[in-house]
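See structure below.
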Amino acid sequence: MQKILIDGGVSLRGRVKVSGAKNSALPLLMATILAEGEHRLHNVPDLVDVRTTCKLLRELGLDAQMGRGVARVSNRGPKSHEASYDLVKTMRASVLCLGPLVGRFGRARVSLPGGCAIGSRPIDQHLKGLERLGARVSIDHGYVEASARKLSGAPIVFDMPTVTGTENLMMAAVLAKGVTEIKNAAMEPEVVQLAEVLCAMGARIRGAGTESIEVEGVGGLEPMHTTVIPDRIEAGTLMVAAAITQGDVLLSGVRSSHLAAPVEKLIEAGVAVAESKDGLRVKATGRPRPVDVTTQPYPGFATDMQAQFMALMTLARGTAVISEHIFENRFMHVQELKRMGARIRLEGSQAIVRGVRQLTGAQVMATDLRASASLVLAGLVAKGRTEVNRVYHLDRGYQRLDRKLRGLGAKIRRSRARPPVTPK
Ligand code: EPZ
């Protein structure tokens, strides 16, 4: 397995372009199931999860190809309505094919996604919503079976804002008979882009970006031609990279309106963030001030930025309290950061981070996508060498983050990990 080697201590300088958003590209690709014809998506990040989604679309009988930032999907009607366990176990976002398959073809058989490192992550809200629209839903041998002759619009109230739940039900409702109202909807920018693209395909959706979305079913949709919005989590990660190394970095290709929460917290920490026509400039000198953070649904501080911000707070001039309110187990990076000299105490959903003057390099293990980013950020500033193992986590959600950081001066490279020495 590959690992990333970092020699810490370099202040990052220069300009970096942020890639397209993983969590927008995935639902958009699934939405190609809803309309026959030739779909084209630009600014698609070249990530493992994007290639997995294209593979799933091909398993369903669509011709999905990805190359040089452009995804092309030719939909001449699917040949299958099943997403296999082997595929779903590698990417839980595969459940996003449920809504489009049932909405367009009245049938879907999708493996239940297992839990993952950050929590159990059930999909009960997705299934409850499909039943409200008239689908018959059952669980059989680890698979969700959903079917309906024709979905009918209905009011849906989520127990909590769920991003992919909102996306799944929007895609299920666009071809249903009548009007669907989704209350307690997620308001993430990725949900808004999906709604905008569905409307450009001919759907009738109002209220995306608020907690109440109304979908009026239509007879059919046209293929999409769109450009994926910038990845606000990659942007936030790169901003923290500039801050933690006391560097001076210009991020281009960002949508600053999607970054209000992390920008505010960085400014509170004493980081200079300035918007210009070229993008966002992030400049830091000296250790950060301690800043408390609580993760919330958008527009609050994103859970996907929690691990990265914690890496910054390990060097703060004081104590910061980081509260994780979205997932029940999203502190897997804490033990690894402590091996680098961080002083963190866990108390339920809170991490009490007492800043230290310096971290020291170590061999660390990535456990999930954002935890691995957090360890890379810590390695950039730690004294000596850091080895981040299980880099495949990073590659699921970041397009060559190591190359982007090297372009800003970081001493970072990949190496093929020697196979573990099996004891004789
Ligand atoms: C999306 O996951 C993102 N993934 C996640 O990003 C992100 O962390 C998460 O939203 C929260 O912002 C994609 O968009 C592909 P949720 P999702 O449903 O939709 C509970 C990354 O790092 N819940 O909004 O799966 C759930 O357990 C990934 O890029 C239910 O209980 O998250 C969680 O506590 C990680 N039942 C909360 O709601 C349900 O049916 C929010 O989860 C659905 C969700």
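The values are calculated or read from the model by the stated rules, or taken from the named source; none is laboratory data. Computed from a predicted model, the values in this text were never measured in an experiment. A quick note on method: Cβ atoms are made from the backbone with ideal geometry, for glycine too, and the neighbour counts reach across all protein chains shown. Protein only, heavy atoms only, side chains kept; ligands, DNA and RNA dropped before computing areas. Shrake-Rupley method; radii C 1.70, N 1.55, O 1.52, S 1.80 Å.
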Would you confirm whether or not the stretch 197-206 contains a residue that is more than 17 Å from the chain's Cα centre (by Cα) and basic (K, R)? yes
From the residues in the stretch 359-371 that are away from the ligand (no atom under 16 Å from the Cβ) and without any contact (Cβ under 8 Å) to a residue 40 or more places away in the chain, which one is nearest to the chain's Cα centre (by Cα)? M365
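So which residues in the stretch 325-341 are in a loop (DSSP other than H, G, I, E, B) and open to solvent by 10 Å² or more (accessible area, probe 1.4 Å)?
H325, I326, F327, E328, N329, R330, F331, G341
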Filter the stretch 161-174 down to residues that are open to solvent by 10 Å² or more (accessible area, probe 1.4 Å) and either more than 16 Å from the ligand (Cβ to nearest atom) or in contact (Cβ under 8 Å) with a residue 40 or more places away in the chain (or both) and give me whichever is farthest from L98 (Cα to Cα). P161
Considering K177, K183, which residue is touching a residue at least 40 places away in the same chain (Cβ under 8 Å), open to solvent by 30 Å² or more (accessible area, probe 1.4 Å) and more than 11 Å from the ligand (Cβ to nearest atom)? K177
Of the numbered conditions (1) closer than 23 Å to V174 by Cβ; (2) of a type in the set (K, R); (3) touching a helix residue (DSSP H, G or I) at 6+ places or on another chain (Cβ under 8 Å), R121 satisfies every one except a single condition; which is it? (1)
Can you give me the number of residues within the stretch 115-141 that are buried (at least 20 other Cβ atoms within 10 Å of the Cβ), in contact with an Asp or Glu (Cβ under 8 Å, 6 or more places away or on another chain) and at pLDDT 95 or above? 1
Screening V110, V144, V95, V102 for residues that are in contact with a Pro (Cβ under 6 Å, 6 or more places away or on another chain) and open to solvent by less than 10 Å² (accessible area, probe 1.4 Å) leaves only V95
Looking only at the stretch 182-198, which residues are out of contact with any Ser or Thr (no Cβ under 7 Å at 6 or more places or on another chain) and closer than 21 Å to S152 by Cβ? N184, A195, L198
When V381 is evaluated against the numbered criteria (1) within 18 Å of the chain's Cα centre (by Cα); (2) at negative phi, which criterion, by number, is the only one it fails? (1)
Looking only at the stretch 189-223, filter to residues that are in contact (Cβ under 8 Å) with a residue 40 or more places away in the chain, in a loop (DSSP other than H, G, I, E, B) and open to solvent by less than 30 Å² (accessible area, probe 1.4 Å); which one of those is nearest to K22 (Cα to Cα)? M201
Is it true that some residue in the stretch 262-271 is in contact (Cβ under 8 Å) with a residue 60 or more places away in the chain and away from the ligand (no atom under 16 Å from the Cβ)? no
Against the conditions (1) modelled with pLDDT of 95 or more; (2) within 14 Å of the ligand (Cβ to nearest atom), where does M332 fall short? Just the number, please. (1)
